[in-house]
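Accompanying notes for the structure given below.
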Amino acid sequence: MGDFSERDEEAAVLLAGWAAIAIDNAMMYEFSEARRKESERIARGLEMTRDVAVAIGTDVDLDRILELIAKRGRALVESTSMLIWLRDGKELVVRGERRRRRREHGRDTSPGGRERRLPSYPRPETLRIGRSSQRRPGRPAMLGEAGEHASLVVPMISRGVVVGAVLAVGAARSGSDFTEDE
């Protein structure tokens, strides 16, 4: 085996140039795919906002509006379920819910189903709980049904008072945790 010839060096330089072009193309593709997905997410968010605004402006049935919010919200954050808890006295009760398997207004439709109530959720901050932290002591009782899934709890605040909370459970993307954008 001898030294590399000038021709070998030219071939290696040519191959390195092609590899650089391939890497650059792959990076541009990944960037454009990320932009496309972000644009789709924004479009879904705008569509959800429009649908909810139309419902609020034309429908006076709170349960239907909350069901719509749960439905659109679940799709927007790609969760397996979304529940809307509203304050009822000193407790929270499920008033809107959307799952892959449908249930109605806080009542399990299976035999013996009952309305779900919890002690009030006074926290004014969003909780983003990853799969690894599900067994942590002191997590909100509403996360009991979250099991080993990621969870996102967003308080609903009106005039500085927590009037309820939205619970999203189980990010659908490979069971991943929720992101700050979601």
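A few points about this structure:
- Between residue 116 and 94, the built amide H atoms are under 5 Å apart, and every one of these is 5 or more places off in sequence or on another chain.
- Protection proxy ranking for 20-30, 50-60, using the average of other Cβ atoms within 10 Å per residue and placing the highest first: 50-60, 20-30.
- Residue 164 long-range amide H proximity, modeled H, under 5 Å: 87, 156
- Distance cut-off 16 Å, percentage of C-alpha pairs in segment 1-58 lying past it: 68 percent
Read the figures in this text as sums done on the coordinates, not as results from a lab. What you are looking at is a predicted structure, and each value in this text was computed from that prediction instead of being measured. Glycine also receives a Cβ, built like all others from the backbone with ideal geometry; neighbour counts cover every protein chain displayed.
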